[in-house]
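Please treat every number below as a calculation from the coordinates, not as lab data. Please read all numbers here as calculations on a predicted model, not as lab measurements. With ideal geometry, Cβ positions are generated from the backbone for all residues, glycine too; neighbour counts draw on all protein chains shown.
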Amino acid sequence: MHGTPLPGRPARPARATAGGGAGRPGRAGGWSPGQAGLRHGRGHAQAEPGGPAGLVPCAISVRGPERPDVDTEPAPLWQPSFPSAELVQHAADLIPHIAEGDAGYLKECPRWEIVVSPGVFRVRTRDYARAERTHERAVERHRKDVDLRVSWEGDVPEAAPTRGAITAWTRRSRARLVERLSDLDYTRLYGRFHICAACRHEYDEYLDQCPHCRHAGRTTEDRRGRLPAMLTLTYPGDWLTVAPDAESATRHFQALSKRYARTWGEPLRGPWKKEFQGRGAPHFHLSTTPPMGTTLVDDPATGQPVCVDFKRWLSITWADIVDHPDPEQRRRHLLAGTGVDYAQGIKLTDPRRMAIYFAKYGAAGTGKEYQHQVPREWLTTVLVCNGCGFGYDQALDECPDCGCHAADVTEEGRVGRFWGYRGLHRELAIRQVTPAVGITAGRIARRWYRAKGLTKTIIAPRVEQSTGRVTSRRSTVRKELFKHGRGFICVNDSSVFASQLARYLADLTTAGSS
């Protein structure tokens, strides 16, 4: 039975003999005939399958030939994929749009627009006529305010601020952070470009003069060959002595930016974010491309100028700016007050990764929500009278204005900006489209995001019908964007997303016209 093949099944080949005779071929160096053949085509000449292995004991130890036509250099540590401003504009031009003066161009009603930036694709409607009328009213209001101040006798009362003080981190703050950081043109962090000497406008290196003012004078900033790094600026243990309020921390960060520009001859560029440690002390994070050279700085120990690299310069300069009066606190701050993390910096290779890194600590469920809780030392508790609305100190038992005892407890104070960016600008490619194209683009973006299957956990109220008691429960729902056909999505490369969507919209437009 073993020697008779079954109907419809090929006969099993015999085992290979020791001399390499008929039958199943033997393994060459432990490899199967197919694997040995593949390695034979890209390595040294090896023994034929079933034959003697020669001087090669194992095919794994065989070295490949030196081929000058193949690039054997290792890949660079950082491979940025930030789309340039020209690429964003070209991708937006592919979308079927209408220009001013064309048939169907809207003027006195909301316009459908598709906006493409380096990391964001958005669909929106804007009423520019209404915005223009609002601007005209603001100008007229400013003119009347100036006339009033001129004719006023005595001190002019200050107007109430139109925007309240920033005291907390909200979901809208996080959404604005992701949207704005994804709109920035990050090619200024690692490229070579010119800065106009007249209007300080930045333009590409292949241009001979400024495209805005046509001035030929310029300075060149070259950041090629640098590695990105995440800078961390912290405060000493006794941080309240040097940073009693938010304004002090802001002045320290601005002073560091000015010293950087004077020392290295270039502005400090990159997005930054302010957070708070568990002990309440503030600290800053900044993503930039530090200079690779050295500079002279006074040694804190001897007072003599020494040549240091950027990491050492940052430690000495930040400790000198904070300037803690206690020598021991200052010595510790000099040793552990700053951080330069290149490993984290090279991970931020596109606009979406840059924005998500700065926003991830603000998301619920990450365990980092405490980093956005403003320290109690920066806030003041104030009682607001329920009768007259007058605010007074919490040490008083009644309102000093009307004598009412009922009051609400509120917290006042300023924490300043939680995030920002320096030396970068937004790159927006705005194209007006027809309502049909805008609605279709919004539907496609909504379906694309829904297909990702992302979910979130919410707390939903639940009412017991028998008792009427309201309880809460956690529920998992699917994330949704573009609910009303408008919104934005954050992608790694918006130019690629816009070009693919433009091809689909162009096919629909062609099919509809035919």
- Ordered by fewest other Cβ atoms within 10 Å, a rough proxy for footprinting exposure, Arg122, Arg133, Arg486 read Arg133, Arg486, Arg122
- With a/c under 1.5 counting as rounded, go ahead and sort the stretch 298-369 into rounded, prolate or oblate using the C-alpha gyration tensor (a ≥ b ≥ c being the square roots of the eigenvalues; past the cut-off, prolate if a/b is larger than b/c, else oblate). oblate
- Note on the structure: The exposure ranking of Leu383, Leu348, fewest beta-carbon neighbours within 10 Å first, is Leu383, Leu348
- Message: Around Gln371, under 13 Å between beta carbons, what's the net of Lys plus Arg minus Asp minus Glu among the other residues?
- Response: +4
- Note on the structure: On each of the three principal axes the extent of the alpha-carbon atoms of the stretch 173-247, given in whole Å and largest first, is 52, 29, 27
- Item | Phi-based couplings in Hz for the stretch 227-235 (Karplus 6.51, -1.76, 1.60; Gly and Pro marked x) | 9, x, 8, 9, 8, 10, 10, 10, 10
- Task: Starting with the highest mean, order 277-283, 196-202 by the number of other Cβ atoms within 10 Å, averaged over the residues of each peptide.
- Result: 277-283, 196-202
- Item | Fewest-first sequence of His285, His333 by Cβ atoms within 10 Å of each Cβ | His285, His333
